[in-house]
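Asker: One structure, as structure tokens, below. Some questions next.
The values are calculated or read from the model by the stated rules, or taken from the named source; none is laboratory data. Everything quoted here is computed from the prediction, not taken from an experiment. Methodologically, a virtual Cβ is constructed for each residue, glycine included, from the backbone with ideal geometry; neighbour enumeration extends over all protein chains shown.
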């Protein structure tokens, strides 16, 4: 058994306990205070240099190697989701309305396990290893704030890896996209203003909710006419609010949604289409419609050289049949893309073969992948 595997095997119970503790105490964006304390405590016990409270609840830690070489960054996300967990796990969420339903509890445990391995092998590390614990990934804003607060400098990062637990890859396998892994994300927020009236006399008002329904349908229809159907693309509406009483025609309505795409030309076409459609519906319904269309993050595009390294290390750790080079990008977005604008990097998909998708109230995963994740990240560092 090699040294990394031996350390992981001897400490897998501890790594698993970290995951379960974090899972039971989920915290949403920029509220990851207890998670921050746990991670700082573990890193301190390992003798790892810690710079805490970056971007509020983020952490940057540094393992200085004994040999000359580059600075490699490993990044994990920390935040949970506003979801009521419905699993029957003995360590299920103890916080009402909050849940780790995207695997970030596993990501954190893997990062802490990797810190344990690498801190014990620091004399043999070429260069430095920077460990980035990022808040607010689910809001797609944490990465930018970490970068703005200096997470990638002093020392400057030469390359960066992220890892995500991934239901679409078989359990115990690893996948990496040859190029584009995850989609760009734009956010659309629309406010519609009409006039209220008695619900039984709708002709005396301007129904903002009815206008919102028309507009949502029109946006979906027109998007299909703007975008090549072979292009990966989604325009989805996730939140609609309107009205104050059952018997009053709503005078205001709001809805919020997202556009996911892989190509910049697709995003540009939709960005130009949305105001045009809003103007048409406003004229047809005699309402006022204001739209805010915001670019949130670009797509995650892996660096080819690092993809080759992940494949090589993956085959060494798992065996060739369990390593997959993926060609079809996912329309899920990740603000890991902001780091890739600053340094070469790649996102690794660690297969969990879950029965439930990400962001589902029953989401969980087989904890055997925790040790695999630690081994892969540790081997990537030691492979430099």
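Asker: Out of the range 333-358, which residues are surrounded by fewer than 18 Cβ atoms within 10 Å (Cβ to Cβ) and touching a strand residue (DSSP E or B) at 6+ places or on another chain (Cβ under 6 Å)?
Answerer: Result: 343, 344.
Asker: One residue is enough: does the range 81-93 have a residue meeting the conditions in the same structural domain as residue 22 (by TED's automatic domain parsing) and either within 26 Å of residue 152 (Cβ to Cβ) or not in a loop (DSSP other than H, G, I, E, B) (or both)? So that I can check it myself, show each step before the final result.
Answerer: To start, the set of residues in the range 81-93 that are in the same structural domain as residue 22 (by TED's automatic domain parsing) comprises 81-93.
Then keep just the ones that are either within 26 Å of residue 152 (Cβ to Cβ) or not in a loop (DSSP other than H, G, I, E, B) (or both); that gives 81.
There is at least one residue in the range 81-93 that is in the same structural domain as residue 22 (by TED's automatic domain parsing) and either within 26 Å of residue 152 (Cβ to Cβ) or not in a loop (DSSP other than H, G, I, E, B) (or both).
Asker: Read through the list (1) farther than 27 Å from residue 364 by Cα; (2) surrounded by fewer than 24 Cβ atoms within 10 Å (Cβ to Cβ); (3) in contact with a helix residue (DSSP H, G or I) (Cβ under 9 Å, 6 or more places away or on another chain), then give the number of the only condition that residue 128 fails.
Answerer: The one condition residue 128 does not meet is (3).
Asker: Here are some residues: 173, 256. Which one is under 30 Å from residue 344 (Cβ atoms) and under 28 Å from the mean Cα position of the chain (by Cα)? Before you say what the answer is, go through the steps one by one.
Answerer: Details: 256 fails: under 30 Å from residue 344 (Cβ atoms).
Result: 173 is the single residue among 173, 256 that is under 30 Å from residue 344 (Cβ atoms) and under 28 Å from the mean Cα position of the chain (by Cα).
Asker: Would you say residue 64 is surrounded by fewer than 17 Cβ atoms within 10 Å (Cβ to Cβ), touching a residue at least 24 places away in the same chain (Cβ under 8 Å) and either in contact with a strand residue (DSSP E or B) (Cβ under 7 Å, 6 or more places away or on another chain) or not assigned by TED's automatic domain parsing to the domain that holds residue 368 (or both)? Don't jump to the end; show me each part of the working.
Answerer: Values: surrounded by fewer than 17 Cβ atoms within 10 Å (Cβ to Cβ): yes; touching a residue at least 24 places away in the same chain (Cβ under 8 Å): yes; either in contact with a strand residue (DSSP E or B) (Cβ under 7 Å, 6 or more places away or on another chain) or not assigned by TED's automatic domain parsing to the domain that holds residue 368 (or both): yes.
Taking the combined requirement at face value, the residue satisfies it.
Asker: Would you be able to tell me the number of residues in the range 218-239 that are under 25 Å from residue 195 (Cβ atoms) and under 23 Å from the mean Cα position of the chain (by Cα)? Give the steps one after another, and end with the answer.
Answerer: Taking the range 218-239 as the starting set, the residues that turn out to be under 25 Å from residue 195 (Cβ atoms) are 218-219, 237, 239.
So of that shortlist, the ones also under 23 Å from the mean Cα position of the chain (by Cα) come out as 237, 239.
Of the residues in the range 218-239, 2 are under 25 Å from residue 195 (Cβ atoms) and under 23 Å from the mean Cα position of the chain (by Cα).
Asker: Which condition does residue 275 not pass, out of (1) over 26 Å from the mean Cα position of the chain (by Cα); (2) assigned by TED's automatic domain parsing to the domain that holds residue 145; (3) loosely packed, with under 14 Cβ neighbours inside 10 Å, if it passes all the others?
Answerer: (2)
Asker: Now a separate question. Go through the range 160-184 and count every residue that is surrounded by fewer than 20 Cβ atoms within 10 Å (Cβ to Cβ) and in contact with a helix residue (DSSP H, G or I) (Cβ under 9 Å, 6 or more places away or on another chain).
Answerer: Qualifying residue count, the range 160-184: 5.
Asker: Of all residues in the range 258-293, which are closer than 23 Å to residue 193 by Cβ and touching a helix residue (DSSP H, G or I) at 6+ places or on another chain (Cβ under 7 Å)?
Answerer: Scanning the range 258-293 gives 273, 274, 277, 278, 281, 285, 287, 288, 289, 291, 293.
Asker: Now for a separate question. From the set of residues in the range 1-30 that are part of a loop (DSSP other than H, G, I, E, B) and without any contact (Cβ under 8 Å) to a residue 60 or more places away in the chain, which is surrounded by the fewest Cβ atoms within 10 Å (Cβ to Cβ)? Walk me through it before giving the result.
Answerer: Narrowing the range 1-30 to residues part of a loop (DSSP other than H, G, I, E, B): 1-2, 25-30.
With the extra rule that they be without any contact (Cβ under 8 Å) to a residue 60 or more places away in the chain, the set shrinks to 1-2.
Numbers: 1: 8, 2: 12.
Looking at the filtered set, the residue picked out is 1.
Asker: If you don't mind, another one. For the range 138-155, which positions are within 18 Å of the chain's Cα centre (by Cα) and over 14 Å from residue 54 (Cα atoms)?
Answerer: Of all residues in the range 138-155, those within 18 Å of the chain's Cα centre (by Cα) come to 138-147, 151.
Answer for the range 138-155, where residues must be within 18 Å of the chain's Cα centre (by Cα) and over 14 Å from residue 54 (Cα atoms): 138, 139, 140.
Asker: Of the residues 300, 311, which is touching a residue at least 40 places away in the same chain (Cβ under 8 Å), out of contact with any helix residue (DSSP H, G or I) (no Cβ under 8 Å at 6 or more places or on another chain), buried (at least 17 other Cβ atoms within 10 Å of the Cβ) and more than 30 Å from residue 202 (Cα to Cα)? Let's see the steps before the verdict.
Answerer: Numbers: 300 fails: out of contact with any helix residue (DSSP H, G or I) (no Cβ under 8 Å at 6 or more places or on another chain).
Unique residue meeting the criteria: 311.
Asker: Kindly provide the set of residues from the range 67-108 that are surrounded by fewer than 16 Cβ atoms within 10 Å (Cβ to Cβ) and under 18 Å from residue 141 (Cα atoms), ordered by number.
Answerer: Answer for the range 67-108, where residues must be surrounded by fewer than 16 Cβ atoms within 10 Å (Cβ to Cβ) and under 18 Å from residue 141 (Cα atoms): just 82.
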